[in-house]
Amino acid sequence: MAAAMSVLQAGHQPTVFERYPATEPRGNILNLWPPPIEALELLGVDVEDIGAPCQTIFRNNKGRTRATIHISDELQQKYGGDFIGLLRPDLYKRMYDSVPEGIIEPNLAVQSFTQNDDGVQVVLSDGTTRDFDVLVGADGIHSVVRKTLWGDQPIREHNLHIFGGYTMKPFPDVQRGQVVISWSKDKQGSYTSIRSHGDSGFEWWTIEAHPKNTEFTGDFHATATRIASEFPSPLPELVAATDPKDMHRWVLRDRKALEKWSSGRAVIIGDAAHATSPYAGYGAGMAIEDGYFFGRALAGVDLSNLAEVRSALEGFEGPRITHTASLAQRAYMLSQVMHHAPKPLRPLRDLVMDHTGLLQKVAADGTPGEIMAQVDIIRDTEKRFQARMSSASNDEKVA
Ligand SMILES: Cc1cc2nc3c(=O)[nH]c(=O)nc-3n(C[C@H](O)[C@H](O)[C@H](O)COP(=O)(O)OP(=O)(O)OC[C@H]3O[C@@H](n4cnc5c(N)ncnc54)[C@H](O)[C@@H]3O)c2cc1C
């Protein structure tokens, strides 16, 4: 949806195929950093009170603070925090409402495609074919477009599972405006303030090791309760207050970074290009940013001209690959250190986390720099985009 909105603003006509019959906003927990919110705003999405602005704090399971994130004063003032806590369906609904009617065509899966110098032909699940100038695979971790372009590289299993949920019940004694990320010896138990439809609540998640390809047969709520019992209040109370219908389980996985996302007239973005573990808390954020930058790269491009399309796609993917690859890899490494470190090394790891500035340096100080850099890149890109669009519209008036 972000790519479609950005492409439309750049003066081209997008079509979005969605394989599911109904485009309903679904899902559970989500946090967004300021850059995707900045991008959404520029794409025309209503971001007013979209979530609860929070400050991110890393703690051990005794409540001792290990590190905190501090973004710039300017971003703090604009967004009120660094990591905004919300519910995924709220985001999808706001994005969906901003896409003009008729652009999203539900109940149509892209099954395959072919391309030549002049265009791309997609084969759809209803047996029809459609011709386009450019194909964007924003089709998630099992992307058909990625597989066609780059083959079937393996998914990297993290041997972890996550239970997450939310409650809108009032917890008057729990401090709002915080994302608290805590680890015990081999588990993570975290929670954050959220806002949804003008109400305040909390979402939480718990992570522990779970061997890949092993079926999970336990009870979600009981398992989350067991993991949360290793952490201080309010996590156990938040889990206890959560209606089982408002919680979910996922396995953690990603894919190793690619050196290229585009070939000819086709390109991949979002999880299709850089499936990222929830450990980063940035997969959806990066997908939104990809969509924003992709559309901006097509401004003023003659889509019938392969050389112009190639140059735009290469200009788009270069910086995005560098940015997303580093975030995805850092999330993978952190999850392995926190959940799969050999037992004898764990006390040493926790001593370092508790008594040195390593976590502050690696996870907490690196993040604001990247966030501020992304916001700056978005703002520079937008200035160039607006200048280009207004000079194109003046040319049209003259013509
Ligand atoms: C537990 C959990 C917590 C997370 N928390 C966060 C967080 O806090 N912050 C954050 O930024 N990210 C988070 N993420 C990551 C985030 O959810 C993903 O990175 C994001 O959803 C990727 O978006 P996408 O649009 O690229 O892919 P998807 O969300 O997978 O969407 C792909 C879409 O393409 C459709 N599709 C697939 N194949 C086809 C086809 N052949 N034809 C037509 N349609 C097709 C699918 O139906 C789907 O609608 C989390 C993930 C998990 C699992």
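Structure notes:
- Of the strands (runs of 3 or more DSSP E) entirely within segment 141-219, those holding at least 2 residues that are hydrophobic (A, V, I, L, M, F, W, C) and either more than 18 Å from the chain's Cα centre (by Cα) or modelled with pLDDT of 95 or more (or both) occupy 156-167, 178-183, 199-209.
- Among the residues of segment 330-347, those that are open to solvent by 50 Å² or more (accessible area, probe 1.4 Å) and over 21 Å from THR68 (Cα atoms) comprise HIS340, PRO342, LYS343, PRO344, LEU345, PRO347.
- Qualifying residue in segment 299-318 (condition: within 16 Å of the ligand (Cβ to nearest atom), at pLDDT 95 or above and touching a Ser or Thr at 6+ places or on another chain (Cβ under 9 Å)): yes
- Pair list, Cβ under 6 Å, 6 or more apart: segment 201-222 residue free of Cβ contacts under 8 Å to residues at least 40 places away in the same chain, other residue of a type outside the set (A, V, I, L, M) and not in a strand (DSSP E or B): HIS221/PRO244
- Filter result for ILE227 (closer than 27 Å to MET353 by Cβ, open to solvent by less than 10 Å² (accessible area, probe 1.4 Å), in contact (Cβ under 8 Å) with a residue 60 or more places away in the chain and touching a Leu at 6+ places or on another chain (Cβ under 7 Å)): no
- For segment 155-183, a tally of residues being closer than 16 Å to ARG195 by Cβ and surrounded by 22 or more Cβ atoms within 10 Å (Cβ to Cβ) returns 2.
- Criterion violated by ARG146 - all others in (1) open to solvent by 50 Å² or more (accessible area, probe 1.4 Å); (2) more than 30 Å from ALA364 (Cα to Cα); (3) among the basic types (Lys, Arg) satisfied: (1)
- Number of the condition not met by ALA280 [criteria: (1) of a type in the set (A, V, I, L, M); (2) within 12 Å of the ligand (Cβ to nearest atom); (3) closer than 17 Å to ASN28 by Cα; (4) over 12 Å from the mean Cα position of the chain (by Cα)]: (4)
- Any hit, segment 373-390, residues being free of Cβ contacts under 8 Å to residues at least 24 places away in the same chain, in a helix (DSSP H, G or I), open to solvent by less than 90 Å² (accessible area, probe 1.4 Å) and of a type in the set (S, T, N, Q): yes
- Restricting segment 230-277 to residues that are in contact (Cβ under 8 Å) with a residue 60 or more places away in the chain, charged (D, E, K, R) and closer than 30 Å to GLN175 by Cα leaves a set whose member that is nearest to the ligand (Cβ to nearest atom) is ARG249.
- Residue in segment 130-143 that is surrounded by the most Cβ atoms within 10 Å (Cβ to Cβ), counting only those that are closer than 30 Å to GLU157 by Cβ and in contact (Cβ under 8 Å) with a residue 60 or more places away in the chain: VAL136
- With respect to the conditions (1) under 26 Å from GLY51 (Cα atoms); (2) away from the ligand (no atom under 12 Å from the Cβ); (3) among the hydroxyl-bearing types (Ser, Thr, Tyr); (4) touching a residue at least 24 places away in the same chain (Cβ under 8 Å), SER190 lacks only one, and its number is (2).
- Total residues in segment 1-14, condition away from the ligand (no atom under 11 Å from the Cβ) and either open to solvent by 50 Å² or more (accessible area, probe 1.4 Å) or assigned to a helix (DSSP H, G or I) (or both): 8
- Of all residues in segment 132-169, those that are within 10 Å of the ligand (Cβ to nearest atom) and over 22 Å from LYS212 (Cβ atoms) total 5.
- Selection count, segment 271-301, where residues are closer than 26 Å to GLN188 by Cα, touching a strand residue (DSSP E or B) at 6+ places or on another chain (Cβ under 7 Å), of a type outside the set (Gly, Ala, Ser) and open to solvent by less than 10 Å² (accessible area, probe 1.4 Å): 0
The values are calculated or read from the model by the stated rules, or taken from the named source; none is laboratory data. If you're wondering where the values come from, they're calculated on a predicted model, not measured in any experiment. Please note: Cβ atoms are built from the backbone with ideal geometry, for glycine as well, and neighbour counts cover all protein chains shown. These area figures cover heavy atoms from the full protein model, side chains too; ligands, DNA and RNA do not enter into them. Shrake-Rupley method; radii C 1.70, N 1.55, O 1.52, S 1.80 Å.
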